[in-house]
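Report on one structure; see the data block that follows.
Values quoted throughout were computed directly from the atomic coordinates according to the rules given, and no laboratory measurement underlies them. All values derive from a computational prediction rather than experimental measurement. Note that we place each Cβ from the backbone using ideal geometry, even for glycine, and neighbour counts take in every protein chain shown.
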Amino acid sequence: MTTVDEAVVDGDWEYRRLRLPPAVSRRAAMIQLSIHAEFAGWELRTVRLYADGTRRVWLRRKRTAADRLPGLAT
């Protein structure tokens with residue numbers, strides 16, 4: 001099962017880290033990341049593949065004006 005960490009906000013960008021376990025195939029990882037990109041606006045920033053087969057993925061997306069103003073975000 002994929003683990004998703006809380007989003008980190010840094011200036012105009014929002015970052016999210018995913019952990020993909022070794023059991024997730026390369027194709028399944030690609031599909032999952034494509035869904036994040038297509039429906040939530042995330043883009044791939046970094047992928048690290050560890051010796052045990054675990055992948056750590058950093059996604060990022062540009063924050064909108066509504067995200068930057070407190071109280072207006074939905």
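Less than 5 angstrom separates the built amide H of R63 from those of W13, E14, all sequence-distant by 5 or more or on a different chain. If the chain linking T64 and R17 were pulled fully straight, counting 0.36 nm for each residue of separation and taking away their Cα-Cα distance, it would gain 15.0 nm.
Loop-located trypsin sites (Lys or Arg not before Pro) in region 20-64 (DSSP state not H, G, I, E or B) with no more than 16 neighbouring Cβ atoms inside 10 Å: R63. Here the extension length gained between V8 and I35 equals 7.7 nm, from 0.36 nm per residue of separation less the Cα-Cα distance.
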